[in-house]
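Participant: Please see the structure below; I have some questions.
Just so it is clear, none of the values below were taken in a lab; they were calculated from the coordinates. Predicted, not measured: the structure shown is a model, and the values here were computed from it. Cβ sites come from the backbone with ideal geometry, for glycine too, and all protein chains shown count toward neighbours.
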Amino acid sequence: MLNKSDRFGFADLDNLPAPFCYRVLVLGSEGQVTRMVPIKARSDLDAKRLARGFLDGRGVELWDGMRFMERFMSMDR
């Protein structure tokens, strides 16, 4: 049985939790993957924006499941 707090209405459809399908791979100095971070994003554009936040002097790759999306290289390299 659902509690009142467990129910969703039409107004809640824009606020549903996003799945963890996107991954940011943080690259080391020689291009090796040093860390993998799952991110929540509602769209490819949102995922790209979030992935750029991981640059910090390193390159990053953005993946959606098995789909390679983009590689971002830091300008510091």
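Participant: With a 10 Å radius around each residue's Cβ, average the other Cβ atoms per peptide and rank 34-41, 46-53, 63-70, highest first. Walk me through the intermediate numbers first.
Facilitator: Values: 34-41: 13.2, 46-53: 16.1, 63-70: 11.5.
The most tightly packed comes first, giving 46-53, 34-41, 63-70.
Participant: Then there's this: Just the Cα atoms of region 21-77: what Rg and Dmax do they give in Å?
Facilitator: 10.4, 31
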